[in-house]
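Here's the structure, in C-alpha cells; my notes come after.
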Amino acid sequence: MIYLTGRRSFMVAVGAGTFLATFRAWAQKSALPVIGYLGAESPAAFASRLRAFRQGLAEAGYVEGLNTGIEFRWAEGQHSRLTSLAAELVSRRVDVIVAPGGAPAALAAKAATTSIPVVFEMGGDPLALGLVESLSRPTGNLTGVATLNVDLSAKRLQLLLEVIPTARLIAVLVNPTSPTTASQLNRPEAAARELKVQIYIVRAASEQEFRAAFDKMRALNPAGLVVASDTYFALHSEPLAALALRYRLPAIMQTRDFPIGGGLMSYGGIFFESHRIAGVYTGRLIKGARPSDLPVQQVKGFELFVNVKTAKALGITLPKSLLVAADNIIE
C-alpha cells in the first residue's frame, strides 16, 4: 500500500478534484435539453426571427449554451431539402423541433415524427393544412403560432387600390410550390370581382424566375402588384423591392422588409411577436408541457409600412387616410 503525504498528496487531491469538477460539468452539459431548429432559409435571412425566438425562449427560462442547446438545419431556400433535414433532427433525438417560417417546414416536421413535440410558426391556416385538428386543444405532437398572413391578400389588394384608385388590372405574384397558393388566390379573386378590377396571376418559385415574372408584367402593363404571402418571397424582399422599383410598379407584400428595401408598402402580421411566442412555447414544452396543453396562438396584430420616398419616385400621391393608418412611414 502506498501512502502519499505532504505537498504531493495535496496536488493529487487537487488534480482529482479538478477532474471531478470537469467531469460533472461535462455530464451536466451533455444532459442539456436540445432543440432542433428547422430553417427554410439561411441564418442571415432568419437573423431577426432568431432574435425574437431566443427572446421568447429566455422568457420561458432557457438560454442557448447555458441550460439548453440548439441544433440548426438550414434548407438555404431549397424547400425540397426540408424532409431530409427534419429526418436528421429526429435521428438526433432532439427534445423539441421548431419549424418556423411557413407551411413547408411545418409539414416536413409533421411527416418526420409523431412523438417529438413540434412548434410551428406560419402565416397559413394550420387547420386547413391538416397540421392540427383543433386550435384550442391540438391533438398529436404539434402546436404553434399562426399570423394569418395568407388571409390578408384581399386586404393588400384593397390597400393598393386606395393608392391607385383608377387601376383596372392588378398583377398577383404567387409561388406555385407553396402549399397555400390555392387558398391565397381565392380571396383576391373574390375581392377583385367586388372591387371591379381584373387580376393577372404571375408565378415564380425562385429568385432566378423573378426577372422573367416582371418581364411578363411589363408586357401586360398592370397598374400595381400584390405579392402573395410566402416564406420564400418574404425572405427575398429586397430583390423583389428592387425589381418593383425598376419596373415602376406600385407593389405591396407581407413583410416590412419590403418597403424598408425600397418597395411601396407592406401589410402583415408582426413577425417578431409570432417568433417570440414560438420561443416561449418551445421552453414550455422542454419543461414538460404537452402540445395539447398549448393552444395554437393566432397573432392578430397587423402592421402597415409605407415608403413615401418610393411613392414620390413612382409619381404617386399617397392618400392622407393611408398615411394616418400607417404604423411606420419611411421617408
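Within the range 43-82, if we keep just the residues that are over 24 Å from A289 (Cα atoms) and among the charged types (D, E, K, R), the residue that is farthest from the chain's Cα centre (by Cα) turns out to be R81. Among the residues making up the range 110-158, those that are among the hydrophobic types (A, V, I, L, M, F, W, C) and within 14 Å of the chain's Cα centre (by Cα) are V119, F120, M122, V145, A146, L148, V150. Scan the range 248-259 and tell me whether some residue there is of a type in the set (A, V, I, L, M, F, W, C), in a loop (DSSP other than H, G, I, E, B) and farther than 15 Å from L157 by Cβ. Looking for residues that are of a type in the set (A, V, I, L, M, F, W, C), in a loop (DSSP other than H, G, I, E, B) and farther than 15 Å from L157 by Cβ, one finds none in the range 248-259, hence no. Within the range 293-313, the set of residues being under 20 Å from G263 (Cβ atoms) and either among the hydroxyl-bearing types (S, T, Y) or buried (at least 19 other Cβ atoms within 10 Å of the Cβ) (or both) comprises L304, F305, V306, N307, T310, A311. Considering only residues that are crowded, with 17+ Cβ neighbours inside 10 Å and of a type in the set (A, V, I, L, M), which ones fall in the range 179-193? Answer for the range 179-193, where residues must be crowded, with 17+ Cβ neighbours inside 10 Å and of a type in the set (A, V, I, L, M): A191, A192.
For A99, indicate whether it is of a type in the set (G, A, S) and within 17 Å of A40 (Cα to Cα). In short, yes. Each residue in the range 143-172 was checked for being under 30 Å from T114 (Cβ atoms) and either surrounded by fewer than 24 Cβ atoms within 10 Å (Cβ to Cβ) or among the aromatic types (F, W, Y) (or both), and 2 of them qualify. Could you please give the count of residues in the range 218-242 that are part of a helix (DSSP H, G or I) and either touching a residue at least 60 places away in the same chain (Cβ under 8 Å) or buried (at least 23 other Cβ atoms within 10 Å of the Cβ) (or both)? Qualifying residue count for the region: 7. Got at least one residue in the range 278-285 being modelled with pLDDT under 95, crowded, with 17+ Cβ neighbours inside 10 Å and under 15 Å from the mean Cα position of the chain (by Cα)? Within the range 278-285, none of the residues are modelled with pLDDT under 95, crowded, with 17+ Cβ neighbours inside 10 Å and under 15 Å from the mean Cα position of the chain (by Cα). Per the conditions (1) surrounded by 13 or more Cβ atoms within 10 Å (Cβ to Cβ); (2) assigned to a loop (DSSP other than H, G, I, E, B); (3) modelled with pLDDT of 95 or more, the sole criterion not satisfied by E41 is (3).
Quick one: would you say A205 is buried (at least 18 other Cβ atoms within 10 Å of the Cβ) and under 27 Å from the mean Cα position of the chain (by Cα)? No.
Tell me yes or no: at least one residue of the range 120-138 is modelled with pLDDT of 90 or more, of a type in the set (G, A, S) and buried (at least 24 other Cβ atoms within 10 Å of the Cβ). Checked against the condition, which is being modelled with pLDDT of 90 or more, of a type in the set (G, A, S) and buried (at least 24 other Cβ atoms within 10 Å of the Cβ), the range 120-138 yields no hits at all.
Can you confirm whether S274 is hydroxyl-bearing (S, T, Y), touching an Asp or Glu at 6+ places or on another chain (Cβ under 7 Å) and either in the same structural domain as L129 (by TED's automatic domain parsing) or surrounded by fewer than 24 Cβ atoms within 10 Å (Cβ to Cβ) (or both)? Criteria met by S274.
The values are calculated or read from the model by the stated rules, or taken from the named source; none is laboratory data. Only a predicted model underlies this, so the values are computations on that prediction, with no experimental measurement involved. Please note: Cβ atoms are built from the backbone with ideal geometry, for glycine as well, and neighbour counts cover all protein chains shown.
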